[in-house]
Amino acid sequence: SCDASQLCNCSFMGLDFIPPGVMAKITVLNLTHNRIKRIQSQDLQQAVNLRALLLQSNEISSIDEDSFWSLEKLELLDLSNNSLAHLSPVWFGQLFSLQHLHLQGNSYRDLGQSSPFSSLKNLSSLHLGNPQFSVIRQGNFEGIELLHKLWIDGSNLSQYEQGSLKSIKQINHMILNLRNSNIFSEIVRDLLHSVTWLEVTEIKLPVERKSLVQNSTRPFTIQKFTFKEAFFTDQTISRAIVSLKEITSLKELEAINCVLEGKGVWNTKEIARSGQSFVETVTVVKIMIQNFHLFFDLEGMESQINKLKRLTIASSNVFMVPCKLARHFSSLLYLDFHDNLLVNKRLDETICERSWPSLQTLNLSQNSLKSLEQTAKYISRLPKLNNLDISQNNFGEIPDACDWPKFLKYLNLSSTQIPKVTTCIPRTLEVLDVSGNNLKEFGLQLPLLKELYLTRNQLKTLPGAAPIPNLVSLSVRRNKLNSFSKEEFESFRRMKLLDASDNNFICSCEFLSFIHHEAGISQVLAGWPDKYVCDSPLAVRGAQVGAVHLSLMECHRSLVVSLICVLVFLVILLLVAVGYKYHMVWYLRMTWAWLQAKRKPKRAPPKDVCYDAFVSYSENDSDWVENTMVRELEQACPPFRLCLHKRDFVPGKWIVDNIIDSIEKSRKTLFVLSEHFVQSEWCKYELDFSHFRLFDENNDAAILVLLEPIQSKAIPKRFCKLRKIMNTKTYLEWPAGEQQQQVFWENLKGALKS
């Protein structure tokens, strides 16, 4: 049950005794809510480093005298809500470091004849008492000189020996639960010179004439007096006011959850005769006044309020303050009427001309104000007001122009149902809160504004920085903000705090790049990083914005697609260029032609053969072909029919189709080879087709004529069979002499006839 810091939690385990073997290294031992009845000597003997021992809510009725003697480092001991019928000073004799001791909720009726706490020199807070606690004797608190907090449950305290609490020299805060009003004055007299803040609960004040400061010398120390759940009547409250004024050190008075039975018929004459009050701050919260609508206007109390500086009356059904009374709050700086029943008609009376002349801060939130224009008009009567809270009033509408106090700096219009912001809002503001109004935009010109609160609205972007150049703090929490850019962020040059938490952020690449690379943004963003969560993309929904890193493809999809398109285009362009250079189109065409040729008979039907030979030659060799070879062959007996591209190709037909058709309609293909032939593109195409069509059939349809000597290496490498034929078979070579030329023609004619 122990963690790394040696805190051992054994609560709610149904233990009947302290577990044996508690070790020296334990610093905190929690044994609350068990069934332990007794603490024995050996139980805690080894726990020499224990600093906190929590034993509340058990059934402890017996403690051995030396049970705590080894706990010299113990700082907190909680024995509350057990069954201790008495307290022994021996228990605490060795607890020299003890600072906090809780003993309330047991069954002891008194603290004994002497002080159980005489050895606790470092004690800071002490809680004691229970419903059976009935007696406080002199000497019960001997040895205690200074307490930060003293809490006594004396709900049934019936006997208090005068001077019992005087032994404590200083108590910062004392809480006394007391129902017996007869001993109230005696206790207060003993605390006049030691307590700073006295809080009394459940008291029902008596109507007594005894002075609270009887036989006491000044100066007193009580500065704050709080009544909680107390009961007052018109008579007792009048007497209490008179009595408390005798405590000249008293500066602050509080009444919380109290009941006032009466109609405000106070003894104002006696109150006035008792002199001026020294109280500067009065706070009344949730006071219950039956038939509050019949309550009088406290006429006659004017003289008691002109020195008051701070007044709070909250959750108490206040619906009006008479104008006459309001004009006497001449020194009041702070007025809080939140959660009451003020309406616009009554506000005209409450804030009349020359009322509240020094008021600087006014809180009218959670009332029943309906008209913002009227509210502003009445409040403009307060010349020194600079801080105004009128939030949680249902205004519903906002005019274009309003009258406000000239020096108003802070304005809270949150949760007022205003649909937009207009120039009704004063330009003098330094702080503006318009949270919770479903605003869709904010574009007011407020040159002095330093803080702007736009929480719980419908904003989709940050407000523009130009109209609010001096903004230091901005809250757009819980809006419809998807992101914000570097430009938007940096436009607020004086921004020190931005709360954009609890929005549904779209974690785009631009937004994430800005968040990750903007220096110091984590110091500016409130709630970072826990409150900044991605809503989309779906893959990162729920992840913290600062922890999300998207891939290159996710971040630059359009760029990647563009690059792919460019690469594909370049590849296509490259293929086209390569195809053009290496005649890929021609190869494809020839392949198709070859595939078709494979399905045809190896030799065309005789009726389809029109020529004896198709002549393939270079244009540079046309003179020899057309003037020499054609005359010799076509004028022979019998004559040969030759197909020449210049003469016999069909006009308008694709040249490739002309070549294919001419070769297929010729019995032989006659190639006139020369250096010009090798360089001619169309000659190469004609060779290509012959290579596919004729050589594939393994026949002798091709006749090679060398017009001039040519190396086989000059023939393109792709014509491997042609190169092989030139290396393995004879070919006709045009001779230079006339006698040899006659032999050449005879051989050529023989080849054409074969």
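Observations, loosely collected:
- Residue pairs meeting the criteria (Cβ under 7 Å; at least 6 apart or on separate chains; first open to solvent by 30 Å² or more (accessible area, probe 1.4 Å), in segment 347-359; second part of a helix (DSSP H, G or I)): ASP348/TYR378; GLU349/CYS323
- Residue pairs whose Cβ atoms lie under 7 Å apart, sitting 6 or more positions apart in sequence or on different chains, and linking a residue in segment 551-562 that is open to solvent by less than 60 Å² (accessible area, probe 1.4 Å) to a partner that is among the hydrophobic types (A, V, I, L, M, F, W, C) and not in a loop (DSSP other than H, G, I, E, B), are CYS555/CYS509; VAL560/MET553.
- Residue ranges of strands (runs of 3 or more DSSP E) in segment 86-204 with at least 2 members out of contact with any Gly (no Cβ under 8 Å at 6 or more places or on another chain) and aliphatic (A, V, I, L, M): 125-129, 146-154, 170-178, 195-201
- Positions within segment 1-35 being in contact with a His (Cβ under 6 Å, 6 or more places away or on another chain) and open to solvent by less than 80 Å² (accessible area, probe 1.4 Å), in sequence order: SER11
- Scan of segment 531-585 for residues that are farther than 30 Å from LEU512 by Cβ and in contact with a Gly (Cβ under 9 Å, 6 or more places away or on another chain), ordered by number: VAL585
- Residue-level check: of (1) under 25 Å from HIS173 (Cα atoms); (2) of a type in the set (D, E, K, R); (3) open to solvent by 50 Å² or more (accessible area, probe 1.4 Å); (4) modelled with pLDDT of 95 or more, GLU59 misses just (1).
- Residues located in segment 360-386, provided they are part of a strand (DSSP E or B) and surrounded by fewer than 20 Cβ atoms within 10 Å (Cβ to Cβ): THR361
- Among the numbered conditions (1) modelled with pLDDT under 95; (2) surrounded by 19 or more Cβ atoms within 10 Å (Cβ to Cβ), the only one that ASP389 does not meet is (1).
- LYS149 more than 49 Å from the chain's Cα centre (by Cα) and among the charged types (D, E, K, R): no
- Of all residues in segment 216-237, those satisfying the criterion of being of a type in the set (D, E, K, R) and either open to solvent by less than 20 Å² (accessible area, probe 1.4 Å) or closer than 18 Å to ARG179 by Cβ (or both) are LYS228, GLU229, ASP234.
- All strands (runs of 3 or more DSSP E) inside segment 251-291 with 1 or more residues being buried (at least 17 other Cβ atoms within 10 Å of the Cβ) and β-branched (Val, Ile, Thr): 252-256, 281-285
The values are calculated or read from the model by the stated rules, or taken from the named source; none is laboratory data. As the structure is a computational prediction, the values presented were derived from the model and not from experiment. So basically every Cβ, Gly included, is an ideal-geometry build from the backbone, and we count neighbours across all protein chains shown. Quick note on the areas: whole protein, heavy atoms, side chains included, nothing else; ligands and nucleic acids left out. Shrake-Rupley method; radii C 1.70, N 1.55, O 1.52, S 1.80 Å.
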